[in-house]
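The values are calculated or read from the model by the stated rules, or taken from the named source; none is laboratory data. Here the structure is a predicted model, which means the values were calculated and not measured. Heads up, the Cβs are rebuilt from the backbone with ideal geometry, glycines too, and the neighbour counts pull from every protein chain shown. All accessible areas refer to the heavy atoms of the entire protein, side chains included, with ligands and DNA or RNA removed. Shrake-Rupley method; radii C 1.70, N 1.55, O 1.52, S 1.80 Å.
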Amino acid sequence: MDAEIACVLTDNFKDVEYTDPMKAFHDAGHEVKVISDESGAELKGKQGEATVTSDRGIDDVKQDDYGTWLIWSYFLIRQIADEDI
């Protein structure tokens, strides 16, 4: 099975909450695209174990671009606080 998944992520994420699901998705044959505030952003985990570069900015994607979305609550809290959604 090969499917593309959108992973919405922001800086200061909990490393294991990103790395463990990403390994499982890749092992299952899925391609994961990281979506953040802007394309090319360098995102670092809290524990310093993972650094990720975003593939696309949130303003550059539409809901229908991906069949599956993985969104961490911290990203939503930041967006609501900034009144971007």
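The table below gives the values:
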quantity: Output for region 53-77, where each listed residue is surrounded by fewer than 11 Cβ atoms within 10 Å (Cβ to Cβ) and within 10 Å of Ala6 (Cα to Cα); calculated: Gln63, Gly67
quantity: Residues located in region 28-67, provided they are part of a strand (DSSP E or B) and of a type outside the set (Gly, Ala, Ser); calculated: Glu31, Val32, Lys33, Val34, Ile35, Glu42, Leu43, Lys44, Thr51, Val52, Thr53, Arg56
quantity: Selected residue [farther than 18 Å from Asp65 by Cβ, crowded, with 18+ Cβ neighbours inside 10 Å, out of contact with any Gly (no Cβ under 7 Å at 6 or more places or on another chain) and not aliphatic (A, V, I, L, M)] from Thr19, Thr10; calculated: Thr10
quantity: Region 31-52: number of residues that are under 18 Å from Pro21 (Cβ atoms), without any contact (Cβ under 8 Å) to a residue 40 or more places away in the chain and open to solvent by less than 80 Å² (accessible area, probe 1.4 Å); calculated: 8
